[in-house]
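This report concerns only the one structure given below.
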Amino acid sequence: MSAMPRYRRWQLWALEKNLLNIEHIVTTITDPAAFDRRDGGDGWMISEVLGHLADVDSYFLGRARAFAENSDPPPSSGKSPDEMVIEAGYAEQDALDLLEKWKTVRVPYHAFMASLPEDDEELWERPGRPADGGGFTLNDQLVLSAYHDLDHIHQIVKIIRGM
């Protein structure tokens, strides 16, 4: 029997824990100036990170549903994350509001992923369609989602520290 179902459960737990960790970090910031800092010269602010997380999870939820239905994924915007963050105006929005926005997407994304049969290798390893860039699988997306969160947790911590 494959160990992949167990690994998927671990990734799903990571998605759940990452949400709780980011929520705790952001809601316990004691220095209001942290919300105005960027993670380097042209880097992002905390509000931009949170808006980006909501955008990515929204896209990934649509993509996961398409995989489960064996249909075409939602189209990509074709824009870089930086372009999307600027276009959405996340720098001018309240970080706590954007945290709530992310939660309204993360919770159903996590629930949908957790609802998929964890031992259905055909579903989890089905290659992506050309419209989705090819071989990127649902399993790849799950792993990337958990890693993506960790990357942005690190970014938020750098911002808070003023690095």
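Here 52, 148, 154 are placed in order of increasing Cβ neighbour count within 10 Å, fewest first, which gives 154, 148, 52. By other beta-carbon atoms within 10 Å, ranking 39, 120 with the fewest at the front produces 120, 39. Overall form of the stretch 9-83: oblate. Here a/c, set by the Cα gyration tensor axes a ≥ b ≥ c, is 1.5 or more, and a/b is not larger than b/c.
Pairs of lysines in the chain whose Cα atoms sit within less than 21 Å of one another amount to 4, provided the residues are eight or more positions apart or on different chains. For the stretch 48-92, trypsin sites (Lys or Arg not before Pro) are listed when DSSP marks them as loop and at most 12 other Cβ atoms sit within 10 Å of their Cβ; the list is 79.
No lab work stands behind these numbers, since they all come straight from the coordinates. Just so you know, these numbers come straight off a predicted model, no measurement behind them. So basically every Cβ, Gly included, is an ideal-geometry build from the backbone, and we count neighbours across all protein chains shown.
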